[in-house]
Amino acid sequence: MTEIDPLRLIDPQCYAEYGYPHEAWTQLRRETPVRFFEPPGWPSFWAITKHADIVEISKQPDVFLNGPGMTLVRERPDDLDRQAQQQIRTVINMDPPEHRAYRKIASAYFSPRALQSLDSLVSETATKLVDGLGAQGECDFITEIASQHPLKIIARILGVPESDEPFILRLTNELFGSEDAEFQRSEDRMEGMREMFTEFWSYFTRVMQERRSSPQDDLASVFANARVEGEPMGDLETMGFCLIAFTAGHETTRGAIGGGFRALIERPEESKRWAREPDLTPSAADEIIRFVTPVNHMVRTANRDYELRGEKIRQGDRLVLFYASANRDEEVFEAPSELLLDRRPNPHLAFGVGEHFCMGAHLARKTSGAIFRELTSRLESVELAGTPERVASNLVPGFKHLPIRYRFAPSR
Amino acid sequence: MKIIVDTDLCEANAVCMGICPEVFRVEEDDTLTILLQEVPENLRSQIEQAVRLCPRQALRSEN
Ligand code: HEM
Ligand code: SF4
């Protein structure tokens, strides 16, 4: 039995260098699935690694709160991250009963039926992006495809014109990849964050004003004109919704597409199978999302003592729900480390479960499904053309660069 | 076994359909249809999983 180094589970640099800590999680699931750690420089936490335990915790949103903080961040003298997290309020850091009223505002827009109207936008965007690569060559798959596709979709449903996409891409990278040096705009984190919020704020204030004076059939108009208990939704909450659509929707889907494509490059047979059987797309896209698990963890804070697998969790303790571990839980998934495009059923937790279940789950499946269908159906050959690099993050540790050499058939 | 849906809670995200399409179908108008009134024994564990994983706690099963 080797001793687990908790930094392997939470240090952003470890994720950048070694990827997800599946070996450590396998050991934790087997030996100490509910395990308390006190790493130096970090807040103490319980590592929750079993599927069943994450479900049990997530189904009690009145006991295990999101409000006190959703992610595990290093202790800092300036307490910057916590301040940043509290500046803007979003559904993801609200708790019941307040949470329900806000969730309702947007949930109808994201239902499978409502999203049908986006089908052609999603598949046309995918075709155009792959066309843009040309018949053969080399590129960075992340910047050219994985990042572009979800961004374009989210930007469009939020009313951002195409010409502003580069600006929005820069903002989202800086906000989410803020542990990663490549995406930091100034030495001084505090200053950088503040600047970014200001830019974001003024940009979307303008979009919201436009949608109030002339509402359209899009998500921006839903946010701009939302009412909570009869009153117009406050500015902080409206901005929170705009922000979460980008932060929660962009890098996550990019992670699924980037990680999924890497997995397909390593498994040419699966890629060919997807090309032969396009009807696999819904289950295959969902399996990619399980396999990659773009959102590595979320945090809950216990608001009372609670016993879990015989361990005594105290009021105020932090619990880190490692979704990526739950999605390889041997008790739930057969051959958990294999990518099975027709896996069914697939009760993975990549989108969370319970009260805060991802609102964008369908959009994410649709977006990644469309791009993979386009890619696999046209792919003649692909290989790595350099070393893939991951974002230094313990939250969304996806690839930021994935250099490839490729050859595509023309679009049908 | 019978399944009961709380239509006020259901938000049509089709998690249940993903787990057990034999029994759950989300319709074009975002309503949920239970396709089998009596659920056969061989689907029991899938149903239990669907009830457990429904994000809005909108499902219940009764024997
Ligand atoms: C593959 C891509 C995605 C993954 C893996 C993912 C994952 C997650 C996870 C794990 C949560 C749960 C957080 C918790 O339990 O505290 C969540 C919540 C959320 N996601 Fe996603 N997400 C993805 C794409 C999207 C997209 C495209 C959107 C919208 C455009 C979106 C919007 C949201 C929102 C609004 C919430 C908060 C829901 C609430 O608190 O009630 N997500 N997501
Ligand atoms: S999983 Fe629950 S909320 Fe989702 S469609 Fe089924 S019953 Fe409705």
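The values are calculated or read from the model by the stated rules, or taken from the named source; none is laboratory data. Worth saying up front: this structure is predicted, and the values here are computed from it rather than measured. Reconstructed Cβ throughout: ideal geometry from the backbone, glycine too, with neighbour counts over all protein chains shown. Note: areas computed on protein heavy atoms with side chains; ligands, DNA, RNA excluded. Shrake-Rupley method; radii C 1.70, N 1.55, O 1.52, S 1.80 Å.
Just a few scattered comments:
- For the stretch A:199-260, the list of GluC sites (Glu not before Pro) that fall in a loop by DSSP and count at most 11 other C-beta atoms within 10 angstrom reads A:Glu229.
- Probe 1.4 Å, protein heavy atoms only - accessible area per residue of the protein assembly as shown in square angstrom: 43
- C-alpha long axis of helix B:44-53 to longest principal axis of chain B, angle in °: 30
- The residues neighbouring A:Leu133, those whose beta-carbon lies less than 14 Å from its own, together hold a net charge of -2 under the Lys/Arg +1, Asp/Glu -1 convention.
- The mean count of C-beta atoms from other chains within 10 Å of the C-beta of residues in A:106-117, rounded to a whole number, is 3.
- Rounded percent of accessible protein surface that carbon and sulfur make up, chain A, 1.4 Å probe: 49
- For the stretch B:2-62, the fraction of 1.4 Å probe accessible surface lying on carbon and sulfur atoms is 49 percent.
- Working from label points 7 Å from Cα in the Cα-to-Cβ sense, the A:Arg227 to B:Ser45 distance is 5.0 nm.
- Residue mean of other protein chain beta carbons inside 10 Å, A:285-297: 0
- Bridge type composition, the stretch A:7-408 - antiparallel percent by DSSP, nearest 5: 90
- Calculated [θ] (222 nm, deg cm²/dmol) that DSSP helices of n ≥ 4 give over chain A, each run adding -39,500 (n - 2.57): -14500 deg cm²/dmol
- Residues A:His22, A:His99 ordered from highest to lowest accessible area at a 1.4 Å probe: A:His22, A:His99.
- Cα centroid separation - the stretch A:263-293 against the stretch A:1-60, whole Å: 28
- Using C-alpha pairs below 8 Å separated by at least 6 residues, the relative contact order for the stretch B:2-62 is 47 percent.
- A Förster radius of 30 Å combined with the Cβ-Cβ distance from A:His401 to A:Thr2 puts the calculated FRET efficiency at roughly 0.45.
- Area hidden from solvent between B and A (accessible, protein heavy atoms only, 1.4 Å, total, Å²): 1700
- Dipole magnitude for the stretch A:7-408: computed about the Cα centre from +1 point charges on Lys and Arg Cβ and -1 point charges on Asp and Glu Cβ, it is near 700 debye.
- Judged by the ratio a/c of the largest to the smallest principal axis of the C-alpha gyration tensor, the protein assembly as shown counts as rounded, that ratio being less than 1.5.
- Highest-first arrangement of B:39-48, A:263-272, A:49-58, where packing means the average Cβ count within 10 Å: A:49-58, A:263-272, B:39-48
- Centroid-to-centroid, using Cα positions, the stretch A:314-386 and chain B are 21 Å apart.
- 1.4 Å probe, heavy atoms, protein only - residues of the stretch B:33-63 losing at least 10 Å² accessible area vs chain alone: B:Gln46, B:Gln49, B:Arg52, B:Leu53, B:Pro55, B:Arg56, B:Gln57
- Each stretch of four or more DSSP H residues adds -39500 (n - 2.57); spread over every residue of chain B, this sum gives -6000 deg cm²/dmol at 222 nm.
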